[in-house]
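Colleague: Can you read through this structure? Questions will come right after.
The values are calculated or read from the model by the stated rules, or taken from the named source; none is laboratory data. A quick note: this is a predicted structure, and the numbers were derived from the prediction, not measured. Cβ sites come from the backbone with ideal geometry, for glycine too, and all protein chains shown count toward neighbours. Heavy atoms of the whole protein, side chains included, go into the accessibility calculation; ligands, DNA and RNA do not. Shrake-Rupley method; radii C 1.70, N 1.55, O 1.52, S 1.80 Å.
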Amino acid sequence: MGVMTRWLTPDEQRTWRAFLAASRGVMDALDRELQRDAGMPHAYYEILVRLSEAPERRMRMSELAELAASSRSRLSHAVARLE
């Protein structure tokens, strides 16, 4: 028999939605700043950070795509743009 999951109370639901809105706001602000200051979106910056932390600053594209929560085709496009 499956386990029943308790749904959020109205207060918890409001808190959860406020958290999501605030998180989106922070990410949007970071994206705007990076675009303005470095000419790149947050996703490209994350790729560079992951590579900078990797041994010899190298990583397989499949691993990088997984860490960056990106598809391989999207990652390939981003890396080509960064080059």
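Colleague: Can you give me the number of residues within region 33-45 that are part of a helix (DSSP H, G or I) and either of a type in the set (Gly, Ala, Ser) or in contact with a strand residue (DSSP E or B) (Cβ under 9 Å, 6 or more places away or on another chain) (or both)? Talk me through it step by step, then tell me what you get.
Modeller: Initially, region 33-45 is screened for residues part of a helix (DSSP H, G or I), giving 33-38, 42-45.
This time we only want the ones that are either of a type in the set (Gly, Ala, Ser) or in contact with a strand residue (DSSP E or B) (Cβ under 9 Å, 6 or more places away or on another chain) (or both), so: 38, 43.
Counting residues in region 33-45 that are part of a helix (DSSP H, G or I) and either of a type in the set (Gly, Ala, Ser) or in contact with a strand residue (DSSP E or B) (Cβ under 9 Å, 6 or more places away or on another chain) (or both) gives 2.
Colleague: In this structure, does ALA22 turn out to be surrounded by 12 or more Cβ atoms within 10 Å (Cβ to Cβ), on the phi < 0 side of the Ramachandran plot and either in contact with a strand residue (DSSP E or B) (Cβ under 7 Å, 6 or more places away or on another chain) or part of a helix (DSSP H, G or I) (or both)? Please lay out each step first, then the result.
Modeller: On the way: surrounded by 12 or more Cβ atoms within 10 Å (Cβ to Cβ): no; on the phi < 0 side of the Ramachandran plot: yes; either in contact with a strand residue (DSSP E or B) (Cβ under 7 Å, 6 or more places away or on another chain) or part of a helix (DSSP H, G or I) (or both): yes.
Judged against the criteria, ALA22 is not a match.
Colleague: Restricting region 65-75 to residues that are open to solvent by less than 60 Å² (accessible area, probe 1.4 Å) and not in a loop (DSSP other than H, G, I, E, B), which is nearest to MET40 (Cα to Cα)?
Modeller: LEU75
Colleague: Which residues, taken from region 51-64, are closer than 16 Å to GLU83 by Cβ and in a helix (DSSP H, G or I)? Outline the logic, then answer.
Modeller: Taking region 51-64 and keeping what is closer than 16 Å to GLU83 by Cβ, we get 51-52, 57-59, 61, 64.
Answer for region 51-64, where residues must be closer than 16 Å to GLU83 by Cβ and in a helix (DSSP H, G or I): LEU51, SER52, ARG57, MET61, LEU64.
Colleague: Follow-up. Mind telling me which of the residues LEU48, LEU30 ends up being at pLDDT 90 or above, within 19 Å of LEU75 (Cβ to Cβ), open to solvent by 70 Å² or more (accessible area, probe 1.4 Å) and not in a loop (DSSP other than H, G, I, E, B)?
Modeller: On the way: LEU30 fails: within 19 Å of LEU75 (Cβ to Cβ).
One residue alone meets the criteria, LEU48.
Colleague: Evaluate the following for MET40: is it open to solvent by less than 100 Å² (accessible area, probe 1.4 Å) and touching a residue at least 12 places away in the same chain (Cβ under 8 Å)? Steps first, please.
Modeller: Details: open to solvent by less than 100 Å² (accessible area, probe 1.4 Å): yes; touching a residue at least 12 places away in the same chain (Cβ under 8 Å): yes.
The answer is yes for MET40.
Colleague: If you go through region 7-16 one residue at a time, do you hit one that is closer than 29 Å to SER73 by Cα, at pLDDT 90 or above and hydroxyl-bearing (Ser, Thr, Tyr)? Even if it seems obvious, please write down each step before you answer.
Modeller: Taking region 7-16 first, the residues closer than 29 Å to SER73 by Cα are none.
Checked region 7-16: no residue is closer than 29 Å to SER73 by Cα, at pLDDT 90 or above and hydroxyl-bearing (Ser, Thr, Tyr).
Colleague: Residue by residue through region 51-60, note down the ones that are over 16 Å from the mean Cα position of the chain (by Cα) and open to solvent by less than 100 Å² (accessible area, probe 1.4 Å). Full working, then the answer.
Modeller: Taking region 51-60 first, the residues over 16 Å from the mean Cα position of the chain (by Cα) are 52-60.
If the condition is that a residue be over 16 Å from the mean Cα position of the chain (by Cα) and open to solvent by less than 100 Å² (accessible area, probe 1.4 Å), then SER52, ALA54, MET59 are the ones that fit.
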